[in-house]
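What follows is a set of notes on a single structure, which appears directly below.
Nothing in this text is a laboratory measurement; each read-out follows from the coordinates by a stated rule. Here the structure is a predicted model, which means the values were calculated and not measured.
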Amino acid sequence: RHRVHDDPLILPGIQDLTAWVDFSAVAEAAQAAGLEVAGYVTQAHFLLHGGLDEELTEFTSLPQAEQLELSRQVKLLTLPGEMGESFKCIGLARGDIDLPGAFRMSDRTHML
């Protein structure tokens, strides 16, 4: 059941904060404000090339039930049929910065 709150963080981890975002409009507004689009990638790409593997280094030492739950969560966040392709990440920057690895490869800025 959906409810509207004045405070979007009133129920962290429980309520859905997702929204459809016009990333082309975000990019245009950012550029008008003097920012550059540093990268635009899928959530899957951002997570898989942004250090998710480093967060999973202790995976094999976890109890089997925890391994299964963690696997389920990673699949939900990264598989194309789940959230991996539906959700996107945009990086905005001012000046010359070193981009995170997730934005260096498979950048989809041309699709904005």
Query raised in the report: Each residue of the range 61-71 in order: what ³J(HN,Hα) in whole Hz does its phi give by Karplus 6.51 cos²θ - 1.76 cosθ + 1.60, θ = phi - 60°, with x for Gly and Pro?
Result: 8, 7, x, 4, 4, 5, 4, 5, 5, 5, 4
Query raised in the report: Which whole-number percent gives the relative contact order of the range 23-111, counting Cα pairs below 8 Å spaced six or more residues apart?
Result: 50
Requested in this report: Report ³J(HN,Hα) in whole Hz for each residue of the range 33-50, in order, from the Karplus equation J = 6.51 cos²θ - 1.76 cosθ + 1.60 where θ = phi - 60°; Gly and Pro get x.
Outcome: 8, x, 9, 10, 7, 7, x, 8, 9, 6, 4, 4, 5, 4, 6, 5, 9, x
Requested in this report: For the chain, just say rounded, prolate or oblate: build the C-alpha gyration tensor, square-root its eigenvalues into a ≥ b ≥ c, call rounded for a/c under 1.5, and beyond that prolate if a/b exceeds b/c, oblate if not.
Outcome: oblate
Report task. Per residue of the range 15-20, in order, report the coupling 6.51 cos²θ - 1.76 cosθ + 1.60 (Karplus, θ = phi - 60°) as ³J(HN,Hα) in whole Hz, putting x for Gly and Pro. Result -> 8, 7, 10, 6, 8, 6
Requested in this report: Mind listing the long-range amide H neighbours of LEU92? Cut-off is under 5 Å, sequence gap 5 or more, other chains count too, H placed in the peptide plane at 1.01 Å from N.
Outcome: ALA38
